[in-house]
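Worksheet: one structure, shown below.
The values are calculated or read from the model by the stated rules, or taken from the named source; none is laboratory data. All of these numbers come straight from a predicted model, not from anything done at the bench. We place every Cβ from the backbone using ideal geometry, glycine too, and count neighbours over all the protein chains shown. Just the protein is used for accessible areas: all its heavy atoms, side chains included, with ligands, DNA and RNA removed. Shrake-Rupley method; radii C 1.70, N 1.55, O 1.52, S 1.80 Å.
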Amino acid sequence: MELEGNTKFNEYEEKIRNHQVNGHNYQQDKLHQKKESDAQFLIAQNPLIMRNLLIIIDITRSSKIGDFKPSRLAVALQFLPAFIEQFLECNPLSQIGIAVAEEYRCKTILDFTSSSVNIKQYLSTIHSINEAGFSMAACLQTALHVFSTTQLHAQSSILVVTTSTYSDDKLDLNEWSEKCKSAAIQINVISFTGSINQLIKITQATDGQYLCPLNEFQFSQEIQKFVSPQESKNHMIITQLVKIGFPQKLIVSQPTLCQCHLEIVYNFYKCPVCYSKVCSPPLLCPICSTWIVLPHQILRSDGSNTLGVFEITNDGLDHVCSGCLEPTTVIHSTCERCKNFFCLDCDILIHSKFKVCPGCA
Amino acid sequence: MKFIIDDIEVIFPYKFLYKEQLEYMQALKQTLDEKGHGILEMPTGTGKTVSLLAFILAYLAQRPNTIKKLIYCTRTVVEMEKTLEEVRLVLKARKAEGLNDNFTAVGLSSRRNLCINPDVVNQKDRVDSECRKRTAEWVKRGQGETCIFYDNFEKSAKEFINNLPNDVYSLSDLRKNGGYSMQCPYYTAREMVKKANIVVYNYLYLIDPGISSLLSKDYIKESVVVFDEAHNIDDVCIEAYTVRLNKPILAEAINNLKIVETQIQSETNEIQNRLNEEYKKLIKNLEKKPEGELNQLVIPGQIRKARNFIDFMKRVINSLRKKLKDNSEALKTSHAILHHTKSFTEEIQKEGNLDIDSLKQCGERLNLLLNTLQISETDKFRPLSTVAQFVMFLVQYQEGFKVIFQSNNYEGTLNEKLMTLACFDSSLAMKNIFASFQSVILTSGTMSPIDIYPKILDFRPVVAKSIDIELTRNSIQPIIVTMSEDGTELTSEFTFRNNEDVSRNYGNFLLELSENVPDGLIVFMPSYSRMEEWARQWQKDKYLEQISKNKVLLIESKDVNETSQKLQQYRKCCDVGRGAALFSIARGKIAEGIDFEGHYGRCVAVIGFPALNSKDTLILERCKFLEEKFKITKNDFIEFDAMRQTCQCLGRVLRGKQDYGIMIMADKRFAQKSKLQKMPRWIYKQLDQSRCLNITSETAITVVRDFFRQMAQPFKIADNSYFTQDTL
């Protein structure tokens, strides 16, 4: 949370600075930003609204190297929670799993879940080990195993955070990357060390990205690129009917064991089919395999029906922004459905975060 | 693409033309226009060969009176094939532009690479003599073991060659053609060389005195000769004129003589007749020639008769043998013994009662005799011809040669005493070439300092230019490491040889490197003995074990086959993402001619200063000679040689503009000013003086990490560093 505050503060500071120096430039920048966020928004309107992301973290010896302060692993663990929170917020029907790459093998430490609290808890238990031996093939093997239990209509992708300069495989890497490709699993890599030719090839083959941040700040920026779903060419679109149930929320005074993570909870949801108790929708009911979601999650992820790209109007008149209720002067945009005016800041915020037009709602 | 330089219209086979390529062509044009010789340095992997070919071919087509032929010399067969493919590309582009040049390009190589006779080609080392056995003049056609391909060639060579369309004939093309038409590809190629406009062959065809004499008849003065990768040309020249003799060779030579003798003495009429004929011919030659003019074919009276010649050779060998024996005694107490050629010749003359004229001609005479006797197994008689060559050079050249006796450390048998007629004057071999051709161009990636080559090769270039590379990003990063983390100096100096700290620090540095360099890492060390020493130490301290966790560890060996196998493994390891480290020798096979493009070479580390062994007598003498004749001091020369070797190693890593790599020099001596000045400009320019010069190994690792992250960012070549058809 501290990070988010920081970036907002930075933005604010920048805003003030730009206003003083050159107001016109500021407008241009905002227009540019709007274009970018619109483009992102359009990509995000992919019909694949369910996403499963497996984050694999390399904890072998090289993760201890201190060129990123305090260490490569620590930097990754520092910025991942914020990313995960944002990811779950922007993709309401999505789930995240966590795995660590150890010496020649890869171990899942948390199955797919959408509870960010849970994930953060598990992330804090990760520590570096003293052995070398990161193996990409082992990671892919684990990933295939994990993804075999998920639904076919969800888009599955892997995010590998590697700190090694090699991939020491006991298995055939090409074979396993082929398998991933045919299973339509997108492989993304964030590397702390530079480009490894073979890994770049694998990511390109599966339409993934290979990113290499230069410093800590850039790491936090680059990782945001994975928040919105990326276009995937080789994904076979599988349509199937999904059994969905809207749960009932209960708050009780006596401790209760949830069925999904076997933890003691006080507020939980009840599956409408089998009445089993679960803690964090959306998830697959562990008893009856019903897809338990909350209504607003479906509404938000299906944003394309309610929210379109706002058109820029430059009529020179003064309007009141329906978002922040402040007067806008030069450039503003209108929602096509409710014909309300918005300032560019609100426009960007709506398209990148809320996905719901306040005027229409 | 098409463009015009002054008045020459050049067709370039690619869509982009880099700035430095244009600069290179302009320098070439100046050389050709002035009909002089040139030295051009251009960074590796920037399309040197293709720009050279594109321009010279354009020149050939548009100024047919100025130059008529291009002779392109390469070092290896692989490079030759690559060059011919480039020629093909250029000619194709020219054809696409509607130009009809009627150029023929042909590659010439040894019989071993060209033979297609299944009986001969499988004999590996004996291909040459097996071929001669079947194709020599006296072998009766159609009888016994003759080569059907050569027979066909003899019958219809002229027609066949005239009927061949103008095209590019690489070695494989020649073999394929030969297979279709049942013609010998080797002789076809030799015949075609006379007519072709573009000829590609090995250095030695021009430099080696034995081979070049065969071809020299067909030289055309209006030719351009290009020596590619010419940075080592002085070594090649010297090697071609150096002759080594030892006891077994002399013994073999005596045996050879005995065989010849028995043949002569055999009373068959045929042989006697032939000998007589030969004698008469020699006398006749003598009559024909005007008096006073020296001619090669005038054989002195003393050795005109075959029997006399045999006796003469016997005396030569015996006196050489005696010399070797005398000196072997003395070698027990001293390292090496030197003789001036002049006094040595006199001693030999006295010993065997030999006259100089006969000595000068004995090589010629030997060839004549062997031909007369119809002996085709030249490889068996190599010892004898080596002896003849030895005495010939001894008498012919006085300056720049020395006779050296020393223990043979070349083949590992220490007791074998070696007699070397060593050549120190590299201008000797080049003198002929510079004289007989209009333009000679020496080109390479690393020829700095460029003014030293005209000195040691003794010629005056009209153009000597070092062309810079223009990089969009800093895609090469030279780093000079002089200290380890704890402040001890890193050096491979002789005095620190047994210092365990130094080798441990080097090991530690390599370990760190192996952890931080993705994909391929190549490490060059000064010599095999040094590598073994270090490896032993590192093994003991468990460095090798740890390195092999990060990278697959491969070590170059002296065996060529083994090394090429290891190279294959190396490439495979890089391909699967495991990464590999290759330990090799700065003067070995890998340092020259093998490219590590893209991810195969992300980092080159030269560990230790690869100086020549300045205790070696041959090198000491060479330095002395250079100092006397050209005023190049010993230190200068050794530094120059070491730096060009280093830069050659470093140049392996950058093959093209998209490529990137780190160049590490780890020795305190690299940071000295005199060494820095001898670095090619394109490397020196990239050396960040404040950040990468004279730093500790720890800092270097930080630089390495930053560099690789920087290079992983998406990147596009800047628009202003190349031209397209529109921007020209």
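Structure values in brief
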{"read-out": "Residue that is most open to solvent (accessible area, probe 1.4 Å) [pool: residues in segment A:172-197 that are free of Cβ contacts under 8 Å to residues at least 60 places away in the same chain, within 11 Å of chain B (Cβ to nearest Cβ) and within 17 Å of A:G133 (Cβ to Cβ)]", "value": "A:D172"}
{"read-out": "Condition met for A:Y104 (open to solvent by 10 Å² or more (accessible area, probe 1.4 Å) and on the phi > 0 side of the Ramachandran plot)", "value": "yes"}
{"read-out": "The one condition in (1) of a type in the set (G, A, S); (2) surrounded by 20 or more Cβ atoms within 10 Å (Cβ to Cβ); (3) not in a strand (DSSP E or B) that A:G97 fails to fulfil", "value": "(3)"}
{"read-out": "Matching residues, segment B:651-674, being modelled with pLDDT under 90 and buried (at least 18 other Cβ atoms within 10 Å of the Cβ)", "value": "B:G651, B:R652, B:V653, B:L654, B:R655, B:K657, B:D659"}
{"read-out": "Listing of helices (runs of 4 or more DSSP H) fully contained in segment B:514-582 that carry 3 or more residues being more than 14 Å from chain A (Cβ to nearest Cβ) and within 29 Å of A:Y104 (Cβ to Cβ)", "value": "B:528-540, B:560-575"}
{"read-out": "A:E222 being acidic (D, E), open to solvent by 30 Å² or more (accessible area, probe 1.4 Å), within 22 Å of A:L88 (Cα to Cα) and modelled with pLDDT under 90", "value": "no"}
{"read-out": "Residue tally, condition in contact (Cβ under 8 Å) with a residue 40 or more places away in the chain and more than 21 Å from the chain's Cα centre (by Cα), over segment A:87-136", "value": "13"}
{"read-out": "Condition met for B:F715 (within 14 Å of chain A (Cβ to nearest Cβ) and buried (at least 18 other Cβ atoms within 10 Å of the Cβ))", "value": "no"}
{"read-out": "Residue that is modelled with pLDDT of 90 or more and outside any strand (DSSP E or B), where the choices are A:L152, A:L144", "value": "A:L144"}
{"read-out": "Boolean, B:G593 is within 14 Å of chain A (Cβ to nearest Cβ), of a type outside the set (K, R), open to solvent by less than 50 Å² (accessible area, probe 1.4 Å) and in contact with a Lys or Arg (Cβ under 8 Å, 6 or more places away or on another chain)", "value": "no"}
{"read-out": "Filter result for the condition that a residue is open to solvent by less than 10 Å² (accessible area, probe 1.4 Å), touching a strand residue (DSSP E or B) at 6+ places or on another chain (Cβ under 7 Å) and under 30 Å from B:N550 (Cβ atoms), over B:G520, B:G507", "value": "B:G520"}
{"read-out": "Unmet criterion (only one of (1) on the phi < 0 side of the Ramachandran plot; (2) surrounded by fewer than 18 Cβ atoms within 10 Å (Cβ to Cβ); (3) not polar (S, T, N, Q)) for B:G487", "value": "(1)"}
{"read-out": "Selection status of A:S63, under 24 Å from B:I701 (Cβ atoms), without any contact (Cβ under 8 Å) to a residue 60 or more places away in the chain and within 14 Å of chain B (Cβ to nearest Cβ)", "value": "no"}
{"read-out": "Segment B:407-429: number of residues that are outside any loop (DSSP other than H, G, I, E, B), touching a strand residue (DSSP E or B) at 6+ places or on another chain (Cβ under 8 Å) and at pLDDT 80 or above", "value": "6"}
{"read-out": "All positions within segment B:394-406 that are within 25 Å of the chain's Cα centre (by Cα), crowded, with 19+ Cβ neighbours inside 10 Å and part of a helix (DSSP H, G or I)", "value": "B:L394"}
{"read-out": "Filter pass, A:A76 being open to solvent by less than 10 Å² (accessible area, probe 1.4 Å) and either more than 14 Å from chain B (Cβ to nearest Cβ) or more than 18 Å from the chain's Cα centre (by Cα) (or both)", "value": "yes"}
{"read-out": "Qualifying residue in segment B:639-647 (condition: open to solvent by less than 20 Å² (accessible area, probe 1.4 Å) and within 14 Å of chain A (Cβ to nearest Cβ))", "value": "no"}
{"read-out": "Residue within segment B:617-627 that is touching a Phe, Trp or Tyr at 6+ places or on another chain (Cβ under 9 Å), open to solvent by 10 Å² or more (accessible area, probe 1.4 Å) and under 30 Å from B:V50 (Cβ atoms) present", "value": "no"}
{"read-out": "Unmet criterion (only one of (1) open to solvent by 40 Å² or more (accessible area, probe 1.4 Å); (2) in a helix (DSSP H, G or I); (3) touching a Pro at 6+ places or on another chain (Cβ under 8 Å)) for B:H599", "value": "(1)"}
{"read-out": "Any chance B:F707 is among the aromatic types (F, W, Y) and either away from chain A (no Cβ under 11 Å) or open to solvent by 90 Å² or more (accessible area, probe 1.4 Å) (or both)", "value": "no"}
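Here's the yes/no breakdown for (1) over 25 Å from B:R681 (Cβ atoms); (2) open to solvent by less than 10 Å² (accessible area, probe 1.4 Å):
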site	(1), (2)
B:D6	yes, no
B:P13	yes, no
B:L32	no, yes
B:H37	no, no
B:P64	yes, no
B:Y72	yes, yes
B:R75	no, no
